[in-house]
Each structure stands twice: as structure tokens, then as C-alpha cells.
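Quick notes on the structure that follows.
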Amino acid sequence: MDAKRVSVDLEESLYRRFKARLAYLGFSMKDVFTDLISLWVGDWGIQSVPHTVTAGDDLRSIAEQYYRDPELYWAIAHFNDIAFPTLLRPGQKVLVPEPGTSPSGLVPTSSIPQDARKNTASTDIDAQLHRRFRARTAFEGTTMTAWLYEFVSEWTGDWPTRTIDYTVKAGDSLSTIALRFYKDASKYWVIAHFNGIRNVALIHVGWQLIIPEPVTLGLLPAGESPYIFGIHDRGGEHLMKEMGKIGWVLITERILGNPHDQGGGDYADLEREGYGVIVRLNHDYYPAGTIPWRDDDAQNYQSFATRCGNFVENSSGCHIWVIGNEMNHPNEWPRNEHGQAQVITPAMYVDCLKRCYAEIHRRAGHEDDQVVVGAVAPWPDVAKYPGNERGDWVQYLKDVLTLAGRQCDGIALHTYTHGADKELITSAERMPPPFQDRYYQFWVYREFMEAIPASMRGLPVYITETDQNEPWAHSNTGWVQEAYAEIDRWNQQLTNQKIRCLLLYRWEVHEGDHWHFSDISEVQDDLRVAMNHEYRWWR
């Protein structure tokens, strides 16, 4: 296969983190660049028309004819590998990519630092992909280098999110250090790249190394599962156990806001069995609000945050805590004594979240717990505020994450279909205006994933609710199988942020909640068949 080289200069710190993350994940630069470029180029250039050069033609006149813009001639030149655009001869045939279209206006948002020390990241990619990539960047009025820098910046994000310092001791090698911190001696390049070590055979006693994303046990922590299977609520975990796929269980807790309440929860039995354990901390349920009413000095938020810290400190068997639920949905908004609902804006939720984050992390033994952003409800358009006048749920999540910044450790999502047909899992159906840009089915999860800021692409993501948006059908339609297959397909893409679980909603029977499947054998059978597959987010 013909190949051509792409390259980009990166500032030293980004170069080291990029190379280290590649080694950490076991990916090649070629595979990652190919994937990122392919996603951006898409099917651009698949449609083209042949043009036969006549006397007087040049690429500018051809661009004017097909695009009504002579300055787009370089797109045609690159698409045809024409090095000298002025040298055309009559009878020569050229292909004009995407005739009749105009540039999309896409421009990179990251800028390459001019004065920083740089290193070059380069690799070969398929020549045809290179040709379409180069042509499209010219069509958009940009460059391959600018987009490659954007791709690397977004893919690397703020990785690593956790590091430890290590002092080289007598007898150490990078392999033994990698074995100690990753339980895999072959990952020595992770440490080498991150610390700028070129000669991996030469390290000295006393050197100070930074170890990115150490996995000191070589295994997932207790209370986490490598599988993506899971159930909302206790009671159905035996389905996973009997199939040998010990997945995830989510428990919701109504903890109210008394800062003097020291009560906690016991989930140690689930942790001992090997399940991933997620606990959602709710102030209350309808109509009192998933987080409390915000008073003038936000004291209610602080009291709830203190209660969260107390609950976590007095609980066992869990270290993943979701704060609140569907904050953009009116059923989750707090109400006063007159029944008036208080809209939870992103700023209000993040104010509460940050207080909970601080309270949980300051408790002894919980410094490394995950405090997770609550899931946003897809499709309700009622949470409107300045900057999001139409009540867009995807924008709501993006605003929450942007405001939260580093004061969250993970992200919860919800996704559903409107019906039991398994084809809806991969449906590209859009909503009616004014939301014709939004998915109406399961693929809404993709829009949520794409809304995650680049700096947060290293955080764990948990889909903590999924169902058919109506009571579960008393038939095995293959819906569950297709849902898990879809998430696995997402996770198999090298550059995608991993989704750690997809939890079926729900097991328990609750008054006014019609989505339980504890008594629907067909749904359980559908799950059993899905678990015949080895769907893991962690290998």
C-alpha cells in the first residue's frame, strides 16, 4: 500500500505526553493519526467529477467553474497531486472533489506555540487518505499541520490525570520500574517518553522520575469492573454472576441535607463479589429536588455537601459517587413550600458539585474517590438560561463540564431509544425543528461524548441509565444485545474516550416508575445473550 508522511511540531510537554499516552495504551502513532484524520476527513472527496483541460484552462478557472471561487484551486491541485498548478496541458484530466460545495468554515481552535521548544511527531499514512486530507485542508483554507496539532491536543487532553514521583534506586531499570507501577515491564517506554529519556538503557541512581497514571496493583481497584455490563439497582446482579461477567451495580441514595447526619451505606458485599459499585447521592426525589433549593447564601448547598461527605466517610465498599441526577429535568428541580420549582442552571449545579467534591475528597481515606458529574437528561428543552436560550441538553452538559473543570473525576450519561426496535440503537433519526441537529434515539450518547471538553477526555464515563423510554417490552427483541454491541463498537475506536458501563434501568419496582424488568424474563434473556460476548472497557 502506498504511503505518505504527515508530521507536526509539538511543544516539548505535549510531545512527551502524546508519546507516553500512545505507549500507555499500546497504540501506534500511525493508527491514531489515521483514525483522527479519517474521522475529520469523513467522506469528503468521495464525490468527484472529471474535468478535461482545454486551451486557456488553469486551476483557478476550473475552481471558479466548479466552486465559484478561484482561490480554492489548491484543493484541486492537492487532490490530483499536482505540484505546479500553473502547468496544465490541454487534454489533461483532473478530478474535481465535491463540486458545487463551499467550505464549511471549520478552523482549528488550538494554536501552535511559536517560541516553545518543539519536537516533531511524524508517521506514514495511506497515500489516498493523505491526498484527501491535504485537499480538504486547502479547501477549508487551513493546513494539515494546523489540524494535526489540533488532533494531538484534543486526543491527549490533560492526560495524565494522576502521577506519582519516584526516585531511581540501585538496581533499577526502566523495565523494573514499569513492572512495579504497571505490572508490565514492556511499558517502560511510557516512563521514558514522559520523562524525555532517549536512552532507555541508561538511568542513574537519584534521578527523579514522574510516573503517569500508575496502576500499582496491575488490576482494577476493588469496586470497579472491567466489563461494560450492569444493572441499575441491587437485586439483578445474579444474572451477571451466572454468566461469569461480574459487571456494575448502581444504587441510589436519598440522603437529604442535614449536615449533622452521620449515616452511610454498606456496599462491601458487592465489592467483595467483584462488582463495580456506583452510588448516586440525591438530596431527595420529586418534588424536593435532586439537589436542594439554592438559598441566597447557598447554605443549603453547603449543608448538602457536608452531608455527602459524612455519608461517604461512613460508607464501605464504594469509591464512585455521582452527585445528583438529570439536573436539567423539571422532575428533579427543588420546589418551595408553594410548589414553585427552581430551575437548576449549570452554574448552580456546579456550585453544589464543587462543594461536594471538596467535602468528599477531604475525608480521610477518600482522597482518591471519584466524584462524578450527574447525568443530563436527553431531550427536555426546559432548562433555559443565558447562552442556552433553546434549552439544549447537550449544551447544558458542555456548560456543566466547562464550569466544573478539574473539580470532577468522572462523567455520568443517560441514553435511551423511543421504542423496543433494536434498529433504533443505531438510528440516525433527528428531532423535528428547532432541534433538527440532535439525535432522537440512542445515538444521543454520541453527542454527549462529543460535548466533553478536550481537557476532560481522560476521565471515566459511565452510562448509568438506558432503556426503551417506555415500559420494557415483554419480548426478546435483541435490543439489549444491540445496545451493548454499540457501546463496544464505540470503545473499539482507538481515539474514543472509553465508556466504562451501560446500566439497564432498572431492577427494583418503584411506585410511579414503570421501567423495572425484574419480572420480565425476556429482557433478562436478552441480557444473558449479550453477556456471551467479552465486552470490556479494560483489557
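The values are calculated or read from the model by the stated rules, or taken from the named source; none is laboratory data. Please read all numbers here as calculations on a predicted model, not as lab measurements. A quick note on method: Cβ atoms are made from the backbone with ideal geometry, for glycine too, and the neighbour counts reach across all protein chains shown.
Brief remarks on what is shown
- Among the residues of this structure, THR143 does not count as one that is crowded, with 16+ Cβ neighbours inside 10 Å and touching a helix residue (DSSP H, G or I) at 6+ places or on another chain (Cβ under 7 Å).
- Checked against (1) in a helix (DSSP H, G or I); (2) over 30 Å from VAL49 (Cβ atoms); (3) assigned by TED's automatic domain parsing to the domain that holds LEU25, ALA146 passes all but a single condition, namely (2).
- Entry remark, segment 396-417: residues being surrounded by fewer than 20 Cβ atoms within 10 Å (Cβ to Cβ), within 15 Å of the chain's Cα centre (by Cα) and of a type in the set (S, T, N, Q) number 1 in total.
- When segment 507-539 is filtered for residues that are of a type in the set (Gly, Ala, Ser) and farther than 22 Å from ALA485 by Cα, the ones remaining, listed by number, are GLY512, SER518.
- Here segment 514-537 is the region considered, the condition is being in contact (Cβ under 8 Å) with a residue 12 or more places away in the chain and under 30 Å from ASP31 (Cα atoms), and the residue that is surrounded by the fewest Cβ atoms within 10 Å (Cβ to Cβ) is ASN532.
- Out of ALA428, ALA375, sole residue that is in contact with a strand residue (DSSP E or B) (Cβ under 8 Å, 6 or more places away or on another chain), assigned by TED's automatic domain parsing to the domain that holds ILE323 and touching a residue at least 60 places away in the same chain (Cβ under 8 Å): ALA375
Matching residues to (1) farther than 30 Å from SER173 by Cβ; (2) under 29 Å from the mean Cα position of the chain (by Cα); (3) of a type outside the set (Ser, Thr, Tyr); (4) not in a loop (DSSP other than H, G, I, E, B):
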site: ARG234; (1), (2), (3), (4): yes, yes, yes, no
site: GLY244; (1), (2), (3), (4): yes, yes, yes, no
site: LEU256; (1), (2), (3), (4): yes, no, yes, no
site: ASP284; (1), (2), (3), (4): yes, yes, yes, no
site: GLY289; (1), (2), (3), (4): yes, yes, yes, no
site: PHE311; (1), (2), (3), (4): yes, yes, yes, yes
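- Out of TYR275, TYR267, TYR285, sole residue that is of a type outside the set (Asp, Glu) and surrounded by fewer than 18 Cβ atoms within 10 Å (Cβ to Cβ): TYR285
- Filtering segment 381-409 to residues that are under 30 Å from GLY478 (Cβ atoms) and not aromatic (Phe, Trp, Tyr) leaves VAL394, LEU397.
- Residue check for TYR275: of a type in the set (Phe, Trp, Tyr), assigned by TED's automatic domain parsing to the domain that holds VAL480 and more than 26 Å from SER521 (Cβ to Cβ): no
- So GLU470, is it at pLDDT 95 or above, under 27 Å from GLN524 (Cβ atoms) and either in a strand (DSSP E or B) or among the charged types (D, E, K, R) (or both): no
- Checklist (1) more than 30 Å from GLN436 (Cα to Cα); (2) touching a residue at least 12 places away in the same chain (Cβ under 8 Å) applied to HIS361, failing item: (2)
- Checking segment 241-256 against the condition returns a match, with at least one residue being out of contact with any Leu (no Cβ under 7 Å at 6 or more places or on another chain), among the acidic types (Asp, Glu) and under 30 Å from ASP525 (Cα atoms).
- Within segment 170-199, being outside any helix (DSSP H, G or I) and closer than 22 Å to TRP159 by Cα holds for LYS183, ASP184, ASN195, GLY196, ILE197, ARG198.
- Some residue of segment 490-513 being assigned to a strand (DSSP E or B) and surrounded by fewer than 17 Cβ atoms within 10 Å (Cβ to Cβ): yes
- Tally of residues being crowded, with 21+ Cβ neighbours inside 10 Å, charged (D, E, K, R) and outside any strand (DSSP E or B) across segment 443-467: 1
- Meets criteria (loosely packed, with under 14 Cβ neighbours inside 10 Å and hydrophobic (A, V, I, L, M, F, W, C)) for VAL200: no
Here is a yes/no grid of residues against (1) of a type in the set (A, V, I, L, M); (2) in contact with a Pro (Cβ under 7 Å, 6 or more places away or on another chain):
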residue: ILE487; (1), (2): yes, no
residue: LEU494; (1), (2): yes, no
residue: ILE499; (1), (2): yes, no
residue: LEU504; (1), (2): yes, no
residue: VAL509; (1), (2): yes, no
residue: HIS514; (1), (2): no, yes
residue: VAL523; (1), (2): yes, no
residue: MET531; (1), (2): yes, no
residue: GLU534; (1), (2): no, no
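- Considering segment 1-116, the qualifying strands (runs of 3 or more DSSP E), each wholly inside and each with 1 or more residues that are more than 34 Å from the chain's Cα centre (by Cα), surrounded by fewer than 20 Cβ atoms within 10 Å (Cβ to Cβ) and not aromatic (Phe, Trp, Tyr), run over 48-52, 93-97.
- Qualifying positions in segment 1-47 - small (Gly, Ala, Ser), in contact with a strand residue (DSSP E or B) (Cβ under 8 Å, 6 or more places away or on another chain) and modelled with pLDDT under 95: ALA3, SER28, GLY45
- Among residues of segment 391-408, those that are within 15 Å of GLU326 (Cβ to Cβ) and among the aliphatic types (A, V, I, L, M), counted: 3
- Residue in segment 148-193 that is farthest from the chain's Cα centre (by Cα), counting only those that are under 30 Å from ARG134 (Cα atoms) and among the acidic types (Asp, Glu): GLU150
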